[in-house]
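Novice: Here you go, one structure.
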Amino acid sequence: MAQRMTAGLDEVLAPVFNVLDNLEAYLDPAVAPQDFFEWLAGWVGVVLDETWPPERQRALIGRAAELYGLRGTARGLAAHIGLYVDGDIDVQETGAATWSAVPSGGIPGDPVPHLKVRVRVADPALVDVRRLEAVVSASKPADVPHEIEVVSR
(Lines give C-alpha, C1' and ligand atoms only; values in the text may rest on other atoms or scores of the structure.)
Protein backbone atom coordinates (compact mmCIF):
# COMPACT_ATOMS: atom_id res chain seq x y z
CA MET A 1 0.00 0.00 0.00
CA ALA A 2 2.80 2.43 0.91
CA GLN A 3 4.59 1.66 -2.38
CA ARG A 4 1.48 2.55 -4.40
CA MET A 5 1.12 5.84 -2.52
CA THR A 6 4.78 6.84 -3.08
CA ALA A 7 4.85 5.67 -6.72
CA GLY A 8 3.15 8.92 -7.74
CA LEU A 9 5.87 10.93 -6.05
CA ASP A 10 8.50 8.92 -7.91
CA GLU A 11 6.93 9.90 -11.24
CA VAL A 12 6.95 13.55 -10.28
CA LEU A 13 10.40 13.69 -8.68
CA ALA A 14 12.34 11.42 -11.06
CA PRO A 15 12.68 14.10 -13.81
CA VAL A 16 13.83 16.66 -11.24
CA PHE A 17 16.53 14.32 -9.91
CA ASN A 18 17.53 13.46 -13.49
CA VAL A 19 18.07 17.15 -14.33
CA LEU A 20 20.00 17.79 -11.11
CA ASP A 21 22.21 14.74 -11.69
CA ASN A 22 23.03 16.01 -15.21
CA LEU A 23 23.08 19.76 -14.52
CA GLU A 24 26.64 20.08 -15.80
CA ALA A 25 25.54 18.80 -19.22
CA TYR A 26 22.71 21.36 -19.36
CA LEU A 27 25.19 24.21 -18.86
CA ASP A 28 27.64 23.03 -21.54
CA PRO A 29 26.55 24.28 -25.00
CA ALA A 30 28.37 21.39 -26.67
CA VAL A 31 26.05 18.78 -25.11
CA ALA A 32 23.01 20.70 -23.81
CA PRO A 33 19.62 19.55 -25.10
CA GLN A 34 18.46 21.57 -28.11
CA ASP A 35 15.26 22.68 -26.38
CA PHE A 36 17.47 24.26 -23.67
CA PHE A 37 19.45 26.50 -26.10
CA GLU A 38 17.17 29.53 -25.82
CA TRP A 39 17.45 29.67 -22.04
CA LEU A 40 21.20 29.07 -22.12
CA ALA A 41 21.65 31.77 -24.80
CA GLY A 42 19.64 34.24 -22.73
CA TRP A 43 21.77 33.44 -19.71
CA VAL A 44 24.94 34.52 -21.57
CA GLY A 45 23.20 37.45 -23.32
CA VAL A 46 23.07 36.06 -26.86
CA VAL A 47 20.13 36.19 -29.26
CA LEU A 48 19.88 33.06 -31.39
CA ASP A 49 18.77 32.85 -34.98
CA GLU A 50 16.24 29.99 -35.13
CA THR A 51 17.05 29.41 -38.82
CA TRP A 52 20.57 28.24 -37.89
CA PRO A 53 21.43 24.58 -37.46
CA PRO A 54 22.01 23.47 -33.86
CA GLU A 55 25.81 23.20 -34.34
CA ARG A 56 26.03 26.87 -35.28
CA GLN A 57 23.83 27.90 -32.34
CA ARG A 58 26.06 25.86 -30.01
CA ALA A 59 29.15 27.61 -31.41
CA LEU A 60 27.70 31.06 -30.75
CA ILE A 61 26.69 30.21 -27.18
CA GLY A 62 30.09 28.61 -26.55
CA ARG A 63 31.99 31.71 -27.75
CA ALA A 64 29.80 34.26 -25.92
CA ALA A 65 32.28 34.87 -23.07
CA GLU A 66 35.19 35.26 -25.49
CA LEU A 67 33.19 37.72 -27.62
CA TYR A 68 32.23 39.81 -24.59
CA GLY A 69 35.89 39.99 -23.62
CA LEU A 70 36.64 41.52 -27.04
CA ARG A 71 33.55 43.72 -27.15
CA GLY A 72 34.18 47.24 -28.43
CA THR A 73 37.31 46.28 -30.39
CA ALA A 74 37.71 45.83 -34.15
CA ARG A 75 38.87 42.23 -33.61
CA GLY A 76 35.85 41.47 -31.43
CA LEU A 77 33.46 43.02 -33.96
CA ALA A 78 34.97 40.97 -36.80
CA ALA A 79 34.73 37.77 -34.72
CA HIS A 80 31.10 38.46 -33.84
CA ILE A 81 30.17 39.21 -37.47
CA GLY A 82 32.02 36.04 -38.53
CA LEU A 83 29.55 33.94 -36.55
CA TYR A 84 26.64 35.41 -38.52
CA VAL A 85 28.17 35.77 -41.99
CA ASP A 86 30.43 33.34 -43.84
CA GLY A 87 32.84 35.69 -45.56
CA ASP A 88 35.91 37.90 -45.31
CA ILE A 89 35.38 40.72 -42.83
CA ASP A 90 37.31 43.98 -42.85
CA VAL A 91 36.74 46.50 -40.06
CA GLN A 92 38.19 50.00 -40.51
CA GLU A 93 38.07 52.51 -37.67
CA THR A 94 39.23 56.11 -37.42
CA GLY A 95 40.48 56.12 -33.84
CA ALA A 96 44.13 55.87 -32.93
CA ALA A 97 46.59 56.45 -30.12
CA THR A 98 50.26 57.39 -30.31
CA TRP A 99 52.88 59.59 -28.71
CA SER A 100 55.09 62.33 -30.04
CA ALA A 101 58.61 63.34 -29.06
CA VAL A 102 57.79 66.84 -30.34
CA PRO A 103 55.70 69.10 -28.10
CA SER A 104 52.36 70.07 -29.65
CA GLY A 105 52.69 67.28 -32.20
CA GLY A 106 49.79 66.35 -34.44
CA ILE A 107 46.87 64.36 -33.06
CA PRO A 108 46.47 60.94 -34.71
CA GLY A 109 43.24 59.60 -36.13
CA ASP A 110 40.16 61.52 -37.13
CA PRO A 111 38.36 63.87 -34.74
CA VAL A 112 35.01 62.40 -35.85
CA PRO A 113 34.83 58.70 -34.96
CA HIS A 114 33.60 56.37 -37.67
CA LEU A 115 33.51 52.65 -38.33
CA LYS A 116 33.29 50.94 -41.70
CA VAL A 117 32.55 47.24 -41.99
CA ARG A 118 33.12 45.57 -45.35
CA VAL A 119 32.00 41.98 -45.78
CA ARG A 120 33.08 40.02 -48.84
CA VAL A 121 30.87 37.03 -49.59
CA ALA A 122 30.19 34.72 -52.51
CA ASP A 123 26.62 36.03 -52.98
CA PRO A 124 25.72 39.35 -51.32
CA ALA A 125 22.01 38.73 -51.94
CA LEU A 126 22.10 35.90 -49.37
CA VAL A 127 23.26 38.19 -46.54
CA ASP A 128 20.52 39.45 -44.21
CA VAL A 129 21.64 43.08 -43.96
CA ARG A 130 19.12 43.85 -41.18
CA ARG A 131 20.57 41.08 -39.02
CA LEU A 132 24.11 42.26 -39.85
CA GLU A 133 23.11 45.81 -38.87
CA ALA A 134 21.81 44.54 -35.52
CA VAL A 135 25.01 42.56 -34.85
CA VAL A 136 27.24 45.55 -35.64
CA SER A 137 25.11 47.92 -33.55
CA ALA A 138 25.22 45.57 -30.57
CA SER A 139 28.98 44.92 -30.81
CA LYS A 140 30.45 48.37 -31.43
CA PRO A 141 30.74 51.34 -29.07
CA ALA A 142 27.33 53.06 -29.01
CA ASP A 143 28.70 56.54 -29.75
CA VAL A 144 30.53 55.54 -32.95
CA PRO A 145 28.55 55.83 -36.22
CA HIS A 146 29.05 53.02 -38.70
CA GLU A 147 28.39 51.92 -42.23
CA ILE A 148 28.17 48.42 -43.66
CA GLU A 149 29.15 47.35 -47.14
CA VAL A 150 28.42 43.84 -48.45
CA VAL A 151 30.30 43.02 -51.66
CA SER A 152 31.16 40.01 -53.84
CA ARG A 153 34.48 38.27 -53.43
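The values are calculated or read from the model by the stated rules, or taken from the named source; none is laboratory data. The model shown is predicted, which means the values in this text are computed figures rather than measured ones. Cβ: placed from backbone, ideal geometry, glycine included. Neighbour counts: every protein chain shown.
Novice: What is the residue count in segment 42-56 for residues that are touching a residue at least 24 places away in the same chain (Cβ under 8 Å) and polar (S, T, N, Q)?
Specialist: Total satisfying the criteria: 0.
Novice: How do the helices (runs of 4 or more DSSP H) wholly within segment 1-53 filter down when requiring 3 or more residues that are among the aromatic types (Phe, Trp, Tyr) and at pLDDT 80 or above: which remain?
Specialist: Where helices (runs of 4 or more DSSP H) fall fully within segment 1-53 and carry at least 3 residues being among the aromatic types (Phe, Trp, Tyr) and at pLDDT 80 or above, they are 37-43.
Residue by residue, here is whether (1) under 26 Å from the mean Cα position of the chain (by Cα); (2) over 22 Å from Val127 (Cβ atoms) holds:
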residue: Ala2; (1), (2): no, yes
residue: Leu9; (1), (2): no, yes
residue: Val12; (1), (2): no, yes
residue: Phe17; (1), (2): no, yes
residue: Gln34; (1), (2): yes, yes
residue: Val46; (1), (2): yes, no
residue: Glu55; (1), (2): yes, no
residue: Ala78; (1), (2): yes, no
residue: Ile81; (1), (2): yes, no
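Novice: Do we find that Gly87 is loosely packed, with under 14 Cβ neighbours inside 10 Å, within 30 Å of Ala30 (Cα to Cα), at pLDDT 85 or above and out of contact with any helix residue (DSSP H, G or I) (no Cβ under 6 Å at 6 or more places or on another chain) in this structure?
Specialist: no
Novice: Now for a different question. Kindly indicate the residue of segment 54-67 that is of a type in the set (D, E, K, R) and assigned to a helix (DSSP H, G or I) and also farthest from Asp35 (Cα to Cα) among those meeting that condition.
Specialist: If we take residues in segment 54-67 being of a type in the set (D, E, K, R) and assigned to a helix (DSSP H, G or I), then Glu66 is farthest from Asp35 (Cα to Cα).
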